[in-house]
């Protein structure tokens, strides 16, 4: 009993994080990873877990939850015929390669470097959410050939370094090339599966043994956070969906964009030692 009670603060924080992430995902259609990584870092570090691998644990645990949520999302969207399987087939191999390279890179980077990467990319995502226009276009067809060979691994690579699925980069990419938003969201869920599955398998067998790790961490995946987050998002995501139908989500999306940018700036501040 004493061993269980010492984990109650961690369990309580993760419950709150999971509830919030689920509501945000349902309300705004934004993947939970961009919330989970900084929230995990705050929860673990505030409770005194100071391993040099803390950011890797945050990234890997976020990606582990994305395996479950992305699979459920793809199945739901596919029943409505919204998933563009041709894009997934042509972009999937490159994304998977990039994800594997991202695991290799993340495993060798210090906390401060990963925090800095998250901060910079998080600012980019926040700015796009705040100021991006649905009618912006770079072309009418998704890139192919050499462009796809470069962009698809980069998408997987950067997503792993942020601990996110396919939505934050995949949805803007597809809408910029003329794909309808509902189809882009559905297909990006498939990107999330392709990113998360190989990266989590890699993180499960990397690292371990350093002091200051959160309890029940296998490889770089914290099992407590994984189980609680998946359970809570299943409960609260439908709440967010109901809220989305009851109000205009556009101003809320801008507020959330500001929230993301504040988190990103905070990560950059910590990365720089301020």
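Mind checking which residues of region 206-243 are free of Cβ contacts under 8 Å to residues at least 40 places away in the same chain, within 19 Å of residue 163 (Cα to Cα) and over 20 Å from the mean Cα position of the chain (by Cα)?
Result: 208, single match.
Based on what the data block shows, is residue 65 farther than 20 Å from residue 184 by Cα and not in a loop (DSSP other than H, G, I, E, B)? It would help to see each step written out before you state the result.
Numbers: farther than 20 Å from residue 184 by Cα: yes; not in a loop (DSSP other than H, G, I, E, B): yes.
Considered against the rule, which asks whether it is farther than 20 Å from residue 184 by Cα and not in a loop (DSSP other than H, G, I, E, B), residue 65 comes out as yes.
From the list 39, 60, which residue is outside any loop (DSSP other than H, G, I, E, B), in contact with a strand residue (DSSP E or B) (Cβ under 6 Å, 6 or more places away or on another chain) and at pLDDT 85 or above?
Details: 39 fails: in contact with a strand residue (DSSP E or B) (Cβ under 6 Å, 6 or more places away or on another chain).
Matching residue, one of 39, 60: 60.
Given (1) within 17 Å of residue 87 (Cα to Cα); (2) part of a helix (DSSP H, G or I); (3) touching a residue at least 24 places away in the same chain (Cβ under 8 Å), identify the lone condition not met by residue 146.
Status for residue 146: all satisfied but (3).
I need the full set of residues from region 194-211 which are at pLDDT below 90 and in contact with a helix residue (DSSP H, G or I) (Cβ under 8 Å, 6 or more places away or on another chain), in order please.
206, 207
Tell me, which helices (runs of 4 or more DSSP H) lie completely within region 156-274 with 1 or more residues that are in contact with a strand residue (DSSP E or B) (Cβ under 8 Å, 6 or more places away or on another chain)?
On the way: elements: 167-176, 181-204, 223-246, 249-271.
Qualifying helices (runs of 4 or more DSSP H): 181-204, 223-246.
Quick one: would you say residue 55 is surrounded by 19 or more Cβ atoms within 10 Å (Cβ to Cβ) and either modelled with pLDDT under 90 or part of a helix (DSSP H, G or I) (or both)? Steps first, please.
Details: surrounded by 19 or more Cβ atoms within 10 Å (Cβ to Cβ): yes; either modelled with pLDDT under 90 or part of a helix (DSSP H, G or I) (or both): yes.
Yes: the conditions hold for residue 55.
The values are calculated or read from the model by the stated rules, or taken from the named source; none is laboratory data. This is a predicted model, so every value here is computed, not measured. Neighbour counts are summed over all protein chains in view; Cβ atoms, including those assigned to glycine, are modelled from backbone coordinates with ideal geometry.
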